[in-house]
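Structure record follows, encoded as structure tokens.
Nothing in this text is a laboratory measurement; each read-out follows from the coordinates by a stated rule. What you are looking at is a predicted structure, and each value in this text was computed from that prediction instead of being measured. FYI the Cβ positions are ideal-geometry reconstructions off the backbone, even for glycines, and counts take in every protein chain you see.
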Amino acid sequence: MSVVIPGSDIAKKRAEVESHREMHNSIRGLDRTFSTGAQFHWKIPPKEERDRVDKLMKDRDAKRAQQLAQAKAKHYKRTSFVWTSEKYPATEGPWDQPLISGFGLTSPCAVKPFGALFKRALDAGLTVQPNAGEEWRHGEPCFNILDAIEHGAKRIGHGIHALATPSTGLPDQVSIRLASYGVSSMAELMKREEVTVEVCLISNRMVESTQCERYGTEPLRAFVRAGVPVVLGSDHSGMWSDGEATNMHEQVALAVEMGLKRPEVAEIMVRSFELTRAVPEAVKPRLIQQARKWAQSSDPIQALPKADMHANLDGMIPLWWLKAQADAQGVKCPVPKEEDEAKWRDLDEFREVYDARTAIIRNAGLDSIPSQILAIAASCEQRHVRVLELSITPWGKHLDFFRMCSAGRTLAYERHGVFISFVVTVGCTLDALADGEKLLDSSIEFNRLWSSSLDAEIDEY
Ligand SMILES: [Zn+2]
């Protein structure tokens with residue numbers, strides 16, 4: 001390589017070539033902008049002409065947006081027939097299952113005012129599964145659990161304080177009501193009425209106010225020993241530890257560590273497979289058989305097919321997804337809490353971090369929902385979680401929100417073999433009752449549209 005002396009002829013020649021190239025590039029750039037109407041930066045045309053071009057561009061953009069929307073809609077509608085995988089055959093997909101399977105309430109909402117709504121939800125075929133009994137709150141959750149059961153709830157989210165007895169703070173009024181059913185604790189009533197408790201082992205440990213060790217032992221072990229039907233859930237697992245979506249693997253390991261026998265753990269999964277509406281009936285026996293086979297084997301936890309039955313869409317989106325979004329939006333990404341660090345004092349403190357997280361997710365827009373669900377489903381597949389019941393609190397137009405969930409559910413099955421159903425959950429706001437009313441209406445409407453559109457689609461084929 002020759003040395004070029006500054007100011008020499010060669011240097012001048014090079015500079016000339018360089019400027020020529022630059023000009024050439026900018027002309028090519030101009031070419032591009034010219035075709036999009038930006039040529040008027042060069043010569044200001046009369047107003048009519050400007051308006052005409054503006055309108056042309058606007059029309060073109062609108063048309064493009066419309067085409068895109070149509071293509072997307074078509075894609076979502078057809079995706080269930082696009083993928084053929086031997087591992088997760090299309091014939092076994094969740095196409096016949098209602099998208100929305102349950103109706104819930106977040107903690108620490110009072111349950112009683114929702115009685116009428118629960119009834120409507122039950123009439124529409126939804127499972128009523130409110131959170132009740134997460135934080136101790138001076139025995140208040142005991143009232144909520146009993147109210148929920150009396151209003152037809154067959155599942156109780158968290159529900160730790162169903163274990164309360166008079167000696168551990170069960171309020172007298174609740175004791176009296178329980179006595180009229182001939183039982184002395186809610187756990188007893190739940191056993192008899194087959195009301196399932198959704199235990200979130202790790203989540204409960206992360207929030208101090210749950211007082212999950214109040215009854216001298218881990219709630220999971222206590223419920224299993226009391227014969228109360230139990231399922232497990234990750235809850236807001238993106239908020240702690242490695243920020244991974246599902247922590248079912250870790251929870252099963254913890255349950256075994258706590259002294260639960262393999263058949264006991266397997267039966268928790270069996271119970272989940274029986275209960276869930278995410279999985280077609282024809283597929284259930286195989287999952288149940290696999291779980292029971294695992295109980296009798298010494299296979300690793302990975303081999304057990306698992307069900308994550310209490311999980312929250314916003315709360316469990318994995319850290320990598322959230323971080324990418326936060327970077328794109330130029331905001332700080334909330335860091336998950338280490339499990340052995342200090343806990344959150346209560347749900348209010350928890351909510352501060354949670355809200356920052358939710359803001360990022362909202363900003364990502366409704367059409368990012370399928371990718372949120374796929375990110376979660378990928379982590380489920382890694383941990384052999386086959387069933388996921390996701391709590392959602394829709395925002396924006398409900399039907400659009402559900403449509404996106406539906407697309408996500410399709411992709412989650414086809415790519416990762418995860419069966420998903422959604423539990424619409426009313427947030428604990430001042431307008432909770434009115435919100436719940438609207439949410440229930442749109443959920444029923446969507447399930448109806450879903451089953452009728454499926455019929456229409458089948459007719460076409
Ligand atoms: Zn929860």
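Here each label is just a point 7 Å from Cα along the line to Cβ, and for SER451 and SER184 those points are 4.5 nm apart. Along the axis of the charge dipole computed for the chain (Cβ charges of +1 for Lys and Arg, -1 for Asp and Glu, origin at the Cα centre), the listed residues VAL128, THR410, LEU430 are led at the positive end by THR410. If R0 is 60 Å, what FRET efficiency do you get for LYS47 and SER167 from their C-beta distance, rounded to 0.05? Efficiency, rounded to the nearest 0.05: 0.10.
Work out the FRET efficiency for ASP242 and ALA69 from their Cβ-Cβ distance, taking R0 = 51 Å, and round it to the nearest 0.05.
Computed FRET efficiency for ASP242 and ALA69: 0.85.
In terms of distances greater than 18 angstrom between alpha carbons, the cross-link table entries LYS261/LYS284; LYS284/LYS306; LYS119/LYS438 yield LYS261/LYS284. Isolated cysteines of the chain, defined as having no other cysteine beta carbon under 4.7 Å away, are CYS142, CYS200, CYS212, CYS333, CYS380, CYS405.
Here the simple spin-label model places points 7 Å from the Cα toward Cβ, and for CYS428 and ARG192 these points are separated by 2.9 nm. Which of the trypsin sites (Lys or Arg not before Pro) across segment 312-399 are loop residues per DSSP, with 10 or fewer other Cβ within 10 Å? Here the trypsin sites (Lys or Arg not before Pro) that fit, given the DSSP loop and packing criteria, are LYS332.
Can you give the net charge of the other residues whose Cβ lies under 12 Å from the Cβ of GLN173, counting K and R as +1 and D and E as -1? Intermediate values should be presented prior to the final figure.
Numbers: positive: ARG177; negative: GLU140, ASP147, ASP172.
So the surrounding residues net to -2.
Helix 319-329 and the longest principal axis of the Cα set of the chain meet at an angle near 40°. If you take the Cα centroid of segment 174-229 and the Cα centroid of segment 263-294, the two points sit 23 Å apart.
Can you compute the modelled spin-label distance between TRP320 and GLU140, with each label point 7 Å from Cα toward Cβ, in nm? Placing both labels 7 Å beyond Cα along the Cβ direction yields 4.0 nm.
At a Förster radius of 45 Å, what calculated FRET efficiency corresponds to the Cβ-Cβ distance of GLU338 and LYS87, to the nearest 0.05? Please list the in-between numbers first.
Numbers: r = 35 Å, r/R0 = 0.78.
Computed FRET efficiency for GLU338 and LYS87: 0.80.
Mean separation of Cα pairs under 8 Å and 6+ residues apart, divided by the residue count of segment 68-460: what relative contact order is that in percent?
Numbers: 704 pairs, mean separation 80.6, N = 393.
Relative contact order, segment 68-460: 21 percent.
Give me the tail of P(r) for segment 68-460 as a percent: Cα-Cα pairs with distance above 28 Å.
Values: 33576 of 77028 pairs.
The share of Cα pairs beyond 28 Å in segment 68-460 comes to 44 percent.
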